[in-house]
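The values are calculated or read from the model by the stated rules, or taken from the named source; none is laboratory data. What you see is a predicted model; the values in this text were computed from it and never measured. Virtual Cβ from ideal backbone geometry, glycine too; neighbours counted across all protein chains shown. Just so you know, the surface numbers come from the protein's heavy atoms only, side chains and all, with ligands and any DNA or RNA stripped out. Shrake-Rupley method; radii C 1.70, N 1.55, O 1.52, S 1.80 Å.
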Amino acid sequence: MSRWLKEGIDADTKMQTDAKVREIVEGIIADMEERGDAAVREYSDKFDSWTPDSYRLSREEIDACYEQVPQSAQDDIRFAQEQVRNFAQIQRDSMKDVEVETLPGVTLGHTHIPVNAVGCYVPGGKYPLIASAHMSVVTAKVAGVPRVIATAPPFEGKPHPSIVVAMDMGGADEIYTVGGVQAVAMMAVGTETVDPVDILVGPGNAFVAEAKRQLFGRVGIDLFAGPTETLVIADDSVDGELCAADLLGQAEHGPNSPAVLLTNSEQLAKDTMAEVERQLTILPTAEIAGKAWEEYGQVIVCDSYDEMVAVADDIASEHVQVMTKNPDYFLNNMTNYGALFLGKETNVSYGDKVIGTNHTLPTNKAARYTGGLWVGKYLKTCTFQRVTEEASVLVGEYCSRLCALEGFAGHKEQADIRLRRYGGTPG
């Protein structure tokens, strides 16, 4: 039976926090709808102390950012984008258009059509999440999206040069320095100077995630990507030092980032908790990671792999690092996760920054019904059909009778008019 050696924040407190976030976001979106660019400017000043003449960067401003980024850093960004682009292209190539004759004279098919405009949000207020530009912009361009706009908040009072360079290298057609709910609403609703997009993608804090949730339907979204979550599944084949490093490495994202250890070794659980406390004394981001661990960290001990799978599927974590004697057991048996990191040789940071799989992943149990951002999120799979006159008679006679069964006279006449013209018998 599962035992919690450490529990996180209670559900009621989390619900109260979520309710406050919803109310704030509703107000900002309503104001954006009414006042457009003026509201963007007001909220940018209020939250980021940022009021440039134009929030869209000019070519000259983008080029100036390149001058501030060392060539070695540009090379690193280029390498990371090559990995993301390569894997996204492999995924795109796996998606085949279909056209097949299913009955004599009946041809059915589907084709994958890119959306026309994507809005990519790149977090950058607390940490400049350069990699999010790769994950959203590069993948959209591999999908064939003709208009990709990207935005990130100012960092220390100006556009972050490396984020801008990553957006530009990735192929962004428009680059803005706007953050938070106002950025997401600007892209979804549109303003006097920004045309709205068809889909929003990219991770963000609780406010950004809630804005995407409220705007879903008006535009598409990739998924609900809120505060980062990590689950470490481990047994006694690894040590507490490694587990603690992997937990804190994701907890540093923010004070509300859940970090969970799931193990069948009570000794490893205790060793890891002790190691977390030790590493928090030397980790430069301990203030944030420590608060996340204190309020959202959990340690769960199970009796078997089967029980660990059941608990892990219930948690449905964004990132799941598996460090056990047989990591493939979890690959073959788990069903709810954003991404798996199999074996002690890899880790979530590889996926976050460079290896090629996408780091925009489902949170808040959304892994129960969706995977992460990938090239397919930018594509609409649309069906088509064509038939010969003979096939129209064959299908039409069935259709006529079925429409009558449902009482749809107009639908029935669509079939019957063709049956009369092509020699069939209306039902």
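Compared with the alpha-carbon gap, the fully stretched path from Gln83 to Ala286 is longer by 70.0 nm at 0.36 nm per residue. Which shape class applies to the stretch 30-153: rounded if a/c is under 1.5, otherwise prolate when a/b exceeds b/c and oblate if not, where a ≥ b ≥ c are the square roots of the Cα gyration tensor eigenvalues? Judged from the Cα gyration tensor, the stretch 30-153 comes out oblate (a/c at least 1.5, b/c at or above a/b). What shape does the stretch 237-293 take by its C-alpha gyration tensor, where a ≥ b ≥ c are the square roots of the eigenvalues and a/c under 1.5 counts as rounded, a/b above b/c as prolate, and the rest as oblate? Prolate.
For the chain, report the translational diffusion coefficient in µm²/s to the nearest whole number, using Stokes-Einstein at 20 °C, 1.002 mPa s, and a Kirkwood Rh over Cα pairs. D, rounded to a whole number, is 90 µm²/s. Among the protein heavy atoms of the stretch 294-427, carbon and sulfur supply 52% of the accessible surface, probe 1.4 Å, non-protein parts ignored. Computed from Cα atoms, the angle from the helix 266-279 axis to the main principal axis of the chain rounds to 70 degrees.
The charge dipole of the chain, taken about its Cα centre with unit charges on the Cβ of Lys, Arg, Asp and Glu (plus for the first two, minus for the last two), comes to roughly 1220 debye.
Ranked by the mean number of other Cβ atoms within 10 Å of their residues, highest first, the peptides 69-79, 115-125 fall in the order 115-125, 69-79.
Overall, the accessible surface of the stretch 132-189 at a probe of 1.4 angstrom is composed of carbon and sulfur to the extent of 48 percent.
Pairs exceeding 25 Å between alpha-carbon atoms, taken from Lys96/Lys141; Lys46/Lys353; Lys270/Lys344: Lys46/Lys353. Taking Cα atoms only, the orientation of helix 11-35 departs from the longest principal axis of the chain by about 60 degrees. Seen through its C-alpha gyration tensor, with square-root eigenvalues sorted a ≥ b ≥ c, the stretch 199-311 comes out oblate because a/c lies at 1.5 or above while a/b is not bigger than b/c.
Based on Cβ point charges of +1 for Lys and Arg and -1 for Asp and Glu, what charge dipole magnitude is obtained for the stretch 272-427 about its Cα centre, in debye rounded to the nearest 20? Could you put the intermediate results ahead of the total?
On the way: 15 positive and 20 negative charges, 187 e Å.
Taking the Cα centre of the stretch 272-427 as origin, the dipole is about 900 debye.
The long axis of helix 389-406 is offset from the longest Cα principal axis of the chain by roughly 70 degrees.
What does the charge count around Ile300 come to, taking other residues whose C-beta lies under 10 Å from its C-beta (Lys +1, Arg +1, Asp -1, Glu -1)? With Lys, Arg at +1 and Asp, Glu at -1, the net is 0.
The residues of the chain present an accessible area of 47 Å² per residue when probed at 1.4 Å with all protein chains retained. Each stretch of four or more DSSP H residues adds -39500 (n - 2.57); spread over every residue of the chain, this sum gives -14500 deg cm²/dmol at 222 nm. Across the options Ile24, Gly36, Ser54, the greatest Cα extent toward the positive end of the charge dipole of the stretch 15-68 (unit charges at beta carbon of Lys, Arg, Asp, Glu) belongs to Ile24.
If packing is taken as the average number of other Cβ atoms within 10 Å across a peptide's residues, how do 181-188, 107-114, 260-267 rank, most packed first? Can you show the working numbers first?
Values: 181-188: 28.2, 107-114: 15.6, 260-267: 20.0.
Sorting 181-188, 107-114, 260-267 by mean packing, highest first, produces 181-188, 260-267, 107-114.
Applied to the stretch 172-177, the Karplus parametrisation 6.51 cos²θ - 1.76 cosθ + 1.60 on θ = phi - 60° returns per-residue 3J(HN,Hα) values of 4, 8, 9, 10, 10, 10 Hz, with x for Gly and Pro.
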